[in-house]
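Below: one structure, written as structure tokens.
The values are calculated or read from the model by the stated rules, or taken from the named source; none is laboratory data. Computed from a predicted model, the values in this text were never measured in an experiment. Note that we place each Cβ from the backbone using ideal geometry, even for glycine, and neighbour counts take in every protein chain shown. With ligands, DNA and RNA removed, areas are computed over all heavy atoms of the protein, side chains included. Shrake-Rupley method; radii C 1.70, N 1.55, O 1.52, S 1.80 Å.
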Amino acid sequence: MGRLSTTLVTAVAMMSSAAMARPDQGRSLGPAQPPAVVRTTSTPDNRLTIAVHIDGRGPWNFVVDTGSQRTVISRDLAERLGLPPRRQVVVVSMTGRSATQTVAVPRLDFGASTVDGIEAPVLEGQHLGAAGLLGLDGLHAKRLLLNFRTGRMEIANSRKAWRDPNAIIVEARRRKGQLILLDSDVNGMTVNIILDTGTSLSVGNMALMNRLVRKKRAPTLNQVSMTSVTGETLTGQWGLIDRVRMGPVTLTDTPVMFADAQPFRELKLGDKPALLLGISALRTFDRVAIDFGRGKVDFILPDTGLLVRPRLAAAAG
């Protein structure tokens with residue numbers, strides 16, 4: 001495949017301990033409110049965006065990034081809105097740590113949700129590939145339903161969200177705001193899987209690749225490179241994974257890039273097989289519901305009669 005040049009926007013935008021993400025401080029969906037249904041659009045690399053208003057102005061399209069602890073705003077938009085600067089923080093991207101300025105975002109509106117008092121890191125829009133990233137600080141205690149068939153997204157209070165009885169539920173545990181799926185493996189090797197809607201191509205760590213190589217379960221690999229949200233290049237090896245299993249759900253022929261990416265170390269997963277499952281893999285399903293309040297992920301399988309993609313999603317039994 002040679003070199004692949006794309007934008008990897010999963011900057012896990014994690015801060016140093018002095019600047020960790022705060023819970024939602026503003027109005028959120030009440031228990032009696034129905035889910036807010038919004039139409040999503042796609043970036044050139046298939047990431048999902050949602051219309052966001054800032055302090056009543058906009059809208060602007062932000063990438064919905066479940067791999068980012070913090071909401072991030074582009075420098076051009078921050079300057080256009082005259083958002084007041086706050087402090088220097090350390091952002092952890094795929095390629096390492098770098099310092100940047102934050103700005104105060106007085107009010108952020110998307111769907112029927114409002115989040116007040118966000119302190120957003122500022123990065124260059126050309127590297128973000130959008131006006132900003134909507135991170136986990138805007139999705140606290142919510143259930144995010146991505147409907148890839150209709151191109152719509154539902155954002156609901158986790159406690160009162162309607163759940164499809166046909167959904168396949170996979171349990172997860174929390175680590176630094178992220179949900180790590182339980183009972184998962186890659187080609188039969190136990191793995192920690194995080195659903196990352198902010199990156200197009202899935203990314204595995206070197207611990208996973210080395211384990212697959214030792215057990216002679218690794219795919220044929222080719223060199224690939226990507227650009228992180230800070231503009232630096234990440235180089236790794238790309239290949240098709242035969243089987244990615246999450247509970248009773250299995251994906252086949254999933255493209256994965258293996259690289260020594262900084263977020264794995266920040267999540268204390270540097271020496272444990274781990275995989276950031278990107279949006280291209282999630283689009284294999286009809287719907288995916290990421291429930292941050294309950295610590296669960298619901299998968300709705302596609303109608304295989306309509307499936308024309310090379311990768312298939314299937315359920316055990």
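Against the definition (open to solvent by 10 Å² or more (accessible area, probe 1.4 Å), at pLDDT below 95 and basic (Lys, Arg)), how does Arg39 come out, yes or no? In short, yes. Those residues that are loosely packed, with under 14 Cβ neighbours inside 10 Å and either closer than 21 Å to Gly67 by Cα or modelled with pLDDT of 50 or more (or both), I need them from region 297-313; list them, please. Scanning region 297-313 gives a single hit, Asp303. Are there strands (runs of 3 or more DSSP E) fully within region 195-304 with at least 2 residues that are more than 18 Å from the chain's Cα centre (by Cα)? List them. It comes to 222-227, 233-246, 249-258.
Just one of (1) polar (S, T, N, Q); (2) closer than 14 Å to Pro255 by Cα; (3) out of contact with any Gly (no Cβ under 7 Å at 6 or more places or on another chain) fails for Thr190. It is (2).
Among the residues of region 145-159, those that are surrounded by 15 or more Cβ atoms within 10 Å (Cβ to Cβ), over 20 Å from Thr284 (Cβ atoms) and of a type outside the set (S, T, N, Q) comprise Ile155, Ala156. In region 265-296, of all residues being among the aliphatic types (A, V, I, L, M) and touching a Gly at 6+ places or on another chain (Cβ under 9 Å), the one that is modelled with the lowest pLDDT corresponds to Ile279. Residues in region 172-194 that are in contact with a strand residue (DSSP E or B) (Cβ under 6 Å, 6 or more places away or on another chain) and not in a loop (DSSP other than H, G, I, E, B): Ala172, Arg173, Gln178, Leu179, Ile180, Leu181, Ser184, Asp185, Val186, Asn192, Ile193, Ile194. The residue list His127, His140 contains one member that is within 19 Å of Ser200 (Cα to Cα) and touching a strand residue (DSSP E or B) at 6+ places or on another chain (Cβ under 9 Å), which is His127. Can you find a residue that is at pLDDT 90 or above, open to solvent by 10 Å² or more (accessible area, probe 1.4 Å) and either of a type outside the set (Lys, Arg) or in contact with a Cys (Cβ under 6 Å, 6 or more places away or on another chain) (or both) anywhere in region 109-117? Checked region 109-117: at least one residue is at pLDDT 90 or above, open to solvent by 10 Å² or more (accessible area, probe 1.4 Å) and either of a type outside the set (Lys, Arg) or in contact with a Cys (Cβ under 6 Å, 6 or more places away or on another chain) (or both). Remark: pairs (first residue in region 267-292, under 25 Å from Thr95 (Cβ atoms) and open to solvent by 20 Å² or more (accessible area, probe 1.4 Å); second residue among the hydrophobic types (A, V, I, L, M, F, W, C) and part of a helix (DSSP H, G or I); Cβ separation under 6 Å; 6+ apart in sequence or on different chains) = Gly270/Phe264; Asp271/Ala207; Lys272/Ala207.
In the condition set (1) at pLDDT 95 or above; (2) surrounded by 19 or more Cβ atoms within 10 Å (Cβ to Cβ), Glu79 is compliant with all but (2).
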